[in-house]
Amino acid sequence: MSNYHIAVVVGSLRRDSFNRKLADALVKLAPPQFTFSQVEIGDLPLYNQDDDAHPADAVKRLKSEIGAAQGLLFITAEYNRSIPGVLKNALDHASRPYGKNTWAGKPAGVLGVSVGAIGTAMAQQHLRNILAYLDVPTLDQPEAFIQAKDGLFDQAGDIGPASRKFMQDWMDHYVAWVKVHAAERPRTASIRAEAIPA
């Protein structure tokens, strides 16, 4: 039985972030062969192409953690109808320099929670546009535009009974998505390598 390590990217730095709370609760719905770790993005410097040749230690760490993962899980807040700047900064850092895109080919899931009724729908759409360019195969269905309201979490901080069936269904689809794409990745990587002249 294969093991899958997933890098979790939370697009919020707020201490009491609903999205970090969702990340902590959601991973408990995954099967035992899946492990998850949240990557730190709050200590990254602002992306500057001048630094590509000599990246900061925080950037090296981010790229190493993404590179070691078999899949990605993005759980993001929505700021001004788009993704938070801290998340865009992380995406830029780990995709550079040109030709060394650490995100490429890694299967991803995208979801988010907010107090608004549309539950990060715009942020998720913008993030999907970026991930498409970065060659990240992203689970399209089921979508998860989650509103933070009573019952989403129980007293222990886990997914509450009213939301558990939906969130378990989302996780089951995500797990299947990662398994399929992680299995295809070595073949895809070899095809890409053959297509690039030495």
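Amide H contacts of residue 148 (H built 1.01 Å from N, in plane; Pro and chain starts excluded): 114, 115, 116 sit under 5 Å, all sequence-distant by 5 or more or on other chains.
Each residue of the stretch 141-156 is assigned a 3J(HN,Hα), and the resulting list reads 9, x, 6, 9, 9, 9, 9, 6, 8, 3, x, 5, 10, 8, 5, 7 Hz, derived from the Karplus form 6.51 cos²θ - 1.76 cosθ + 1.60 (θ = phi - 60°), x at Gly and Pro. Considering only 181, 173, 54, the mean-square fluctuation computed in a Gaussian network model of the chain, springs between alpha carbons under 10 angstrom, is largest for 54. With Rg and Dmax of the Cα atoms in Å defined as stated, name the option among [x] 18.0, 58; [y] 16.8, 58; [z] 16.2, 47 computed from the structure displayed. After the calculation, the listed value that fits is [y]. Estimated from helices alone, the mean residue ellipticity of the chain at 222 nm is -13500 deg cm²/dmol (sum of -39500 (n - 2.57) over DSSP H runs with n ≥ 4, per residue).
Could you give the DSSP H helices of the chain that reach 30 angstrom or more along their long axis (alpha carbon positions) and whose average Kyte-Doolittle hydropathy is no lower than -1.0? Write out the running numbers ahead of the final one.
Details: long enough: 161-195 (50 Å, -0.63).
Counting only whole DSSP H runs, the qualifying helices are 161-195.
Which of 60/106; 28/88; 21/60; 149/179 have a Cα-Cα distance over 29 Å? Let's see the in-between values first.
Values: 60/106 18 Å; 28/88 27 Å; 21/60 26 Å; 149/179 32 Å.
Checking Cα-Cα distances, 149/179 exceed 29 Å.
Using the number of other C-beta atoms within 10 angstrom as an exposure proxy, rank 140, 92, 169 with the fewest first. Don't skip to the end; give the middle numbers.
On the way: 140 10, 92 16, 169 13.
The order, fewest Cβ neighbours first, is 140, 169, 92.
Taking the Cα centre of the stretch 4-195 as reference, the dipole from Cβ charges on Lys and Arg (+1) and Asp and Glu (-1) amounts to some 140 debye.
If r is the Cβ-Cβ distance from residue 155 to residue 129 and R0 is 30 Å, what FRET efficiency results, to the nearest 0.05? All intermediate terms of the calculation are to be shown ahead of the outcome.
Values: r = 38 Å, r/R0 = 1.26.
According to the calculation, E is roughly 0.20.
3J(HN,Hα) along the stretch 31-46: x, x, 7, 9, 10, 10, 9, 7, 8, 7, 10, x, 9, 6, x, 4 Hz, from the Karplus curve 6.51 cos²θ - 1.76 cosθ + 1.60 with θ = phi - 60°, whole Hz, x for Gly and Pro.
FYI, it's all coordinate maths here, none of it is from the lab. These numbers were taken from a predicted model, which means no experiment stands behind them. Here Cβ is always computed from backbone atoms with ideal geometry, including for glycine, and neighbour counts include all displayed protein chains.
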